[in-house]
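Inspection log for the structure reproduced underneath, given as structure tokens.
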Amino acid sequence: MQPIKIEIEGNYFDCQIYSGRLYLWTFNGDLKIVDWNGLVNSLIRTQKDKIVMNFCFLDGNYLYKSSLIELFKDLDFRKLLLKKFTGIEKKKFIVTEKSLSKFIIGQQITPKNIIPTDTEIYSNILYFINDDGFFSASANRAKSEKYLVSSRPKKLWDCNLYSIKANKYPQIALSGGDDGLFEYNISNSKPDNLKKIERNIFRISENHSSYSNYTYLNIFNTSLVDKSYLAMFKWDIDEQIKSPFFQTFNLNSKNFSRNFDHILSSEEIFQHKVTESSLSWGIDDKINLISDSKFEIIKCNYFANPEKGQKMFNKIYSNDINISGELVNSGSCYFGNIIETTNGLYILLSNGANYTINKEITRWRIYPRSKNYENHLHVILDDKIEIYSFNQDYFLESNFDKVFGIEFKEPKSYFENSYFDNIWDYN
């Protein structure tokens with residue numbers, strides 16, 4: 001099963017997709033906001049392709065819904081839907097700069113008029129870093145506004161960062177190279193055992209940080225020049241509410257503190273020596289390592305009970321990997337693992353297949369925490385953006401047992417939502 005691809009011609013430096021809008025940064029400092037839904041619908045030539053194009057590019061979450069699980073068990077339904085996907089694999093969807101202009105709903109100078117080093121959009125706010133520091137600006141604004149992204153961003157920290165990565169909750173991991181790993185935390189539950197650098201910004205570690213990602217409560221930090229590590233956190237609960245069953249759900253975010261616990265090196269996690277040329281990364285339930293042409297994957301169980309013989313880190317995969325070029329970057333999402341080398345992208349798909357993009361890449365993005373675009377891979381090249389939709393993950397027998405890629409999970413139960421979500425209310 002091959003991915004479906006849309007090509008957008010033009011010279012771009014970065015992109016984001018959020019709530020039906022595609023954000024494109026140009027090398028001349030412009031920010032273009034595109035009506036993504038309108039653009040995709042314009043590419044649908046026949047009615048029979050409409051449902052598949054929607055699943056591919058507009059609502060990637062739909063096929064994960066529990067209400068469809070029983071339908072996917074029906075082989076006739078699976079075959080019919082698979083036939084619809086394969087029916088558009090070879091179709092070319094090319095958007096010229098002229099045709100794109102019809103769907104541009106806003107164009108402005110990028111905030112601060114400096115090309116950003118990295119960007120994230122979370123809860124209608126654009127976070128970005130550049131040579132002047134770390135900023136936030138309101139985004140996804142009404143079309144009636146003069147600027148769809150605020151032209152007056154707020155400076156959050158005067159710093160020099162390499163990358164930023166948002167969590168589901170109001171936290172953003174900040175990788176500062178030799179300065180270490182930090183976190184921007186605007187929840188009510190702030191750590192009381194980490195050094196505060198600025199308002200809402202805390203230093204987690206002085207160890208080198210190239211980029212990072214959240215593994216639920218914790219942060220896995222990747223370093224391209226030093227050892228990677230997992231920053232472990234824990235919930236500290238006010239002694240006053242440790243009554244039977246938390247006083248029947250009478251919880252308050254002020255009763256909880258998400259505090260730093262300790263650092264675990266990748267060597268401690270994988271239980272062997274890790275070479276300097278290795279690359280390790282993690283997100284949600286998986287931590288991955290490429291070392292000496294071997295690929296290993298650890299599945300995490302942060303609720304493991306040692307007294308019952310349960311382990312927190314369980315190796316589920318170890319095999320040789322044949323990729324060429326120097327390791328540059330990595331990431332994981334529902335459809336698989338992405339490994340960037342100096343020769344291009346190598347993608348290990350969740351169904352065990354491989355897919356390679358052997359091109360000179362400016363930047364690439366995936367959106368595993370989005371609600372609609374978790375099946376997207378955006379690849380920025382010199383003269384265009386290639387937007388891939390990978391869909392094989394929907395057809396797996398079990399999302400839980402897959403080796404490559406992270407596990408899709410249904411929304412938490414009432415108690416779990418009460419326990420976690422009430423903690424993360426905004427100030």
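Some observations on this one:
- Sole residue being among the hydrophobic types (A, V, I, L, M, F, W, C) and under 18 Å from the mean Cα position of the chain (by Cα), chosen from LEU224, LEU230: LEU230
- Residues in region 293-349 that are in contact (Cβ under 8 Å) with a residue 40 or more places away in the chain and not in a strand (DSSP E or B) were compared, and the one that is nearest to GLN392 (Cα to Cα) is PHE335.
- ILE172, sole failed condition from (1) open to solvent by less than 20 Å² (accessible area, probe 1.4 Å); (2) at pLDDT below 95; (3) touching a strand residue (DSSP E or B) at 6+ places or on another chain (Cβ under 6 Å): (2)
- Complete set of residues in region 21-74 that are of a type in the set (Lys, Arg) and surrounded by 15 or more Cβ atoms within 10 Å (Cβ to Cβ): ARG21, LYS32
- Qualifying residues in region 233-259 (those that are surrounded by fewer than 17 Cβ atoms within 10 Å (Cβ to Cβ) and in a strand (DSSP E or B)) - the one modelled with the lowest pLDDT: ILE237
- Looking across region 263-283, the residues that are buried (at least 20 other Cβ atoms within 10 Å of the Cβ) and assigned to a helix (DSSP H, G or I) come down to SER266, ILE269, PHE270.
- PHE400 being within 28 Å of ASN185 (Cβ to Cβ), hydrophobic (A, V, I, L, M, F, W, C), open to solvent by 30 Å² or more (accessible area, probe 1.4 Å) and at pLDDT below 90: no
- Among the residues of region 5-20, some residue qualifies, meaning at least one is closer than 12 Å to ASN140 by Cα, under 22 Å from the mean Cα position of the chain (by Cα) and either at pLDDT below 95 or not in a strand (DSSP E or B) (or both).
- When LYS165, LYS84, LYS91 are screened for being part of a strand (DSSP E or B), out of contact with any Cys (no Cβ under 8 Å at 6 or more places or on another chain) and charged (D, E, K, R), only LYS165 passes.
- Qualifying position, being crowded, with 17+ Cβ neighbours inside 10 Å, of a type in the set (A, V, I, L, M, F, W, C), at pLDDT 95 or above and touching a strand residue (DSSP E or B) at 6+ places or on another chain (Cβ under 6 Å), among ILE387, ILE423: ILE387
- Of all residues in region 323-373, those that are open to solvent by 30 Å² or more (accessible area, probe 1.4 Å), within 24 Å of TYR12 (Cβ to Cβ) and over 19 Å from the mean Cα position of the chain (by Cα) total 8.
- So PHE77, is it of a type in the set (Phe, Trp, Tyr), free of Cβ contacts under 8 Å to residues at least 40 places away in the same chain, surrounded by fewer than 18 Cβ atoms within 10 Å (Cβ to Cβ) and in a helix (DSSP H, G or I): yes
- For region 120-155, taking the residues that are among the small types (Gly, Ala, Ser) and on the phi > 0 side of the Ramachandran plot, the one that is surrounded by the fewest Cβ atoms within 10 Å (Cβ to Cβ) is identified as SER123.
- Breaking point among (1) under 24 Å from the mean Cα position of the chain (by Cα); (2) buried (at least 17 other Cβ atoms within 10 Å of the Cβ), for THR117: (2)
- Whenever a residue of region 270-286 is within 23 Å of ASN399 (Cα to Cα), it has no partner that is among the charged types (D, E, K, R) and buried (at least 22 other Cβ atoms within 10 Å of the Cβ) lying with C-beta atoms less than 7 angstrom away and at least six residues away or across chains.
- Qualifying residue in region 222-233 (condition: among the aromatic types (Phe, Trp, Tyr), touching a residue at least 12 places away in the same chain (Cβ under 8 Å) and touching a Lys or Arg at 6+ places or on another chain (Cβ under 7 Å)): yes
- Among the candidates GLU198, GLU145, residue that is among the charged types (D, E, K, R) and within 20 Å of TYR18 (Cβ to Cβ): GLU145
The values are calculated or read from the model by the stated rules, or taken from the named source; none is laboratory data. Computed from a prediction, not measured in an experiment: that's the story for all the values here. Note: ideal-geometry Cβ built from the backbone for every residue, glycine included; neighbour counts use all protein chains shown. Ligands, DNA and RNA are stripped out before the accessible areas are found, and what is left, the full protein with its side chains, is counted by its heavy atoms. Shrake-Rupley method; radii C 1.70, N 1.55, O 1.52, S 1.80 Å.
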